[in-house]
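The values are calculated or read from the model by the stated rules, or taken from the named source; none is laboratory data. Because the structure is predicted, anything quoted here is derived from the model rather than measured. As a convention, Cβ positions derive from the backbone with ideal geometry for all residues, glycine included, and neighbour counts pool all protein chains shown.
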Amino acid sequence: MPGDDRRLVYSTDGSLPLPRFDSKKDKRAKSDSKPSVPDDGVVRVGCEGRRGGSVTLVYGLEARELAAIGKELRRRCGTGGTAKNGNLELQGDHRDAVLAYFTERGRRTKRMGG
């Protein structure tokens, strides 16, 4: 059964050959499925819709500055938010305010999406 992507979960028939499992191949496929943001020193700001509302996403911040910048942006935008998986999430569409914040501080920024 080469080229067969199906996996046998359970069988009572002992004559079926079990497919070979290559864990390295499966791990690479899972990690490649989600594109990552490049680590080039540019802060990327985007917006995405979730559950009928908007969420502003900030990528490219260092782990040590996430908490402080997150607190300042939440205060400045007057909204809630969190830091998840090394990224900052703010409730609502605050792309312009976030871009202005980083521009004032001399950081390189890019606007993601439309």
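Only one of GLU48, GLU62 is touching a residue at least 60 places away in the same chain (Cβ under 8 Å), under 15 Å from the mean Cα position of the chain (by Cα) and surrounded by fewer than 18 Cβ atoms within 10 Å (Cβ to Cβ). Can you tell me which? Full working, then the answer.
Values: GLU62 fails: touching a residue at least 60 places away in the same chain (Cβ under 8 Å).
When all the criteria are applied, what remains is GLU48.
Do we find that SER15 is modelled with pLDDT under 85, of a type outside the set (Phe, Trp, Tyr) and out of contact with any Lys or Arg (no Cβ under 8 Å at 6 or more places or on another chain) in this structure? Break it down into steps so the answer makes sense when it comes.
On the way: modelled with pLDDT under 85: yes; of a type outside the set (Phe, Trp, Tyr): yes; out of contact with any Lys or Arg (no Cβ under 8 Å at 6 or more places or on another chain): yes.
So SER15 fits the description; yes.
Among (1) within 15 Å of VAL43 (Cβ to Cβ); (2) surrounded by 15 or more Cβ atoms within 10 Å (Cβ to Cβ); (3) in contact with a Ser or Thr (Cβ under 7 Å, 6 or more places away or on another chain), where does THR103 come up short?
All conditions are met except number (2).
Mind listing just one residue for me: the one in the range 63-90 that is β-branched (Val, Ile, Thr) and outside any strand (DSSP E or B) and, of those, farthest from TYR101 (Cα to Cα)?
Step one: list which residues in the range 63-90 are β-branched (Val, Ile, Thr), which gives 69, 79, 82.
Restricting the remaining residues to those that are outside any strand (DSSP E or B) gives 69, 79.
Working: ILE69: 10, THR79: 15 Å.
Ranking the qualifying residues of the range 63-90, first place goes to THR79.
Quick check on my filter: what residues within the range 30-51 are modelled with pLDDT of 85 or more and assigned to a loop (DSSP other than H, G, I, E, B)? Steps first, please.
Of the range 30-51, the ones modelled with pLDDT of 85 or more are 42-49.
The answer is VAL42, and nothing else.
How about the range 91-114: which of its residues are assigned to a loop (DSSP other than H, G, I, E, B), among the charged types (D, E, K, R) and within 16 Å of GLU48 (Cβ to Cβ)? I'd like the intermediate steps shown before the answer.
As a first pass, look at the range 91-114 and keep what is assigned to a loop (DSSP other than H, G, I, E, B): 93-94, 105-108, 112-114.
Those left that are additionally among the charged types (D, E, K, R): 93, 105, 107-108.
Correct list: ASP93 only.
Give the residues of the range 73-85 that are more than 18 Å from ARG50 (Cα to Cα), exposed (fewer than 13 other Cβ atoms within 10 Å of the Cβ) and not basic (Lys, Arg), sorted by residue number.
Within the range 73-85, GLY78 is the sole residue that qualifies.
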